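Student: Sharing a structure here in structure tokens format.
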Amino acid sequence: MRKIIVCDYNPEWDSIYQKEKSILIATIGDVIQKIHHIGSTSVKGLSSKPIIDILIETDNLNSLDSSNHLFEKIGYEVMGEFGISGRRFFRKGGDDRTHHIHAFKINDENVIRHLAFRDYLRNNPDVAGEYSKIKLEAVSFCNNDIQKYCDYKDAFIKKYEKIAMDV
């Protein structure tokens, strides 16, 4: 079982993202239309699991699927849709996870949702602070059960995703 760790914001997360973005563009740039840093590590001041979440937009999921061997070559585990229809999910780092990639077709509703939530947190530091507290509470009682951790945060995320989408 992986240990769930939530730590204070690390200003190095952006440079870690930028380095991985460069590797991805050099490796599979022909199938990437847009690439974004998402998730808690993309929001200054927000506590987070130290895993860089990356969102890739592509115009062709089949072409992306044909690049699976290239993702593996740079250390990613290919996970397929992994519970979300239309997504391609990749993870790096094994039990000491370092990166997640979520890939969707350009302008998929999940792309819009992820970016809206990220931007809302970036523009509302008080809400981001509340989210940090919820994450720290979740990790304190979940006993490294990722489902319990996610369930604890779910109502907050849904509430503010809706608000972010309505802005």
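Student: Give me the strands (runs of 3 or more DSSP E) completely within segment 7-104, filtered to those with at least 3 residues that are in contact with a helix residue (DSSP H, G or I) (Cβ under 7 Å, 6 or more places away or on another chain) and not aromatic (Phe, Trp, Tyr), ordered by residue number.
Tutor: The qualifying strands (runs of 3 or more DSSP E) are 34-38, 52-58.
Student: Determine if segment 86-99 includes at least one residue that is more than 12 Å from the chain's Cα centre (by Cα), farther than 22 Å from residue 142 by Cβ and loosely packed, with under 12 Cβ neighbours inside 10 Å.
Tutor: No, because not a single residue in segment 86-99 is more than 12 Å from the chain's Cα centre (by Cα), farther than 22 Å from residue 142 by Cβ and loosely packed, with under 12 Cβ neighbours inside 10 Å.
Student: Still on this structure, please answer the following. Can you confirm whether segment 26-42 contains a residue that is of a type in the set (Lys, Arg) and surrounded by 15 or more Cβ atoms within 10 Å (Cβ to Cβ)?
Tutor: No, the conditions are met nowhere in segment 26-42.
Student: When you scan segment 40-85, how many residues do you find that are out of contact with any strand residue (DSSP E or B) (no Cβ under 9 Å at 6 or more places or on another chain) and among the charged types (D, E, K, R)?
Tutor: Qualifying residue count for the region: 2.
Student: Still on this model: Check residue 155 against each of (1) of a type in the set (A, V, I, L, M); (2) exposed (fewer than 12 other Cβ atoms within 10 Å of the Cβ); (3) part of a loop (DSSP other than H, G, I, E, B) and name the one condition it does not meet.
Tutor: Exception for residue 155: condition (3).
Student: Now for a separate question. Mind listing whichever residues of segment 100-120 are in contact (Cβ under 8 Å) with a residue 12 or more places away in the chain, at negative phi and more than 14 Å from the chain's Cα centre (by Cα)?
Tutor: 105, 106, 108, 120 - these are the residues of segment 100-120 that are in contact (Cβ under 8 Å) with a residue 12 or more places away in the chain, at negative phi and more than 14 Å from the chain's Cα centre (by Cα).
Student: Considering only segment 128-167, state which residues are among the polar types (S, T, N, Q) and over 20 Å from residue 113 (Cα atoms).
Tutor: If the condition is that a residue be among the polar types (S, T, N, Q) and over 20 Å from residue 113 (Cα atoms), then 140, 143, 144, 147 are the ones that fit.
Computed from the coordinates by the stated procedures, all read-outs in this text should not be read as laboratory data. Treat the numbers as computed from the prediction; the structure is a model and nothing was measured. Backbone-built Cβ (ideal geometry, glycine too); neighbour counts: all protein chains shown.
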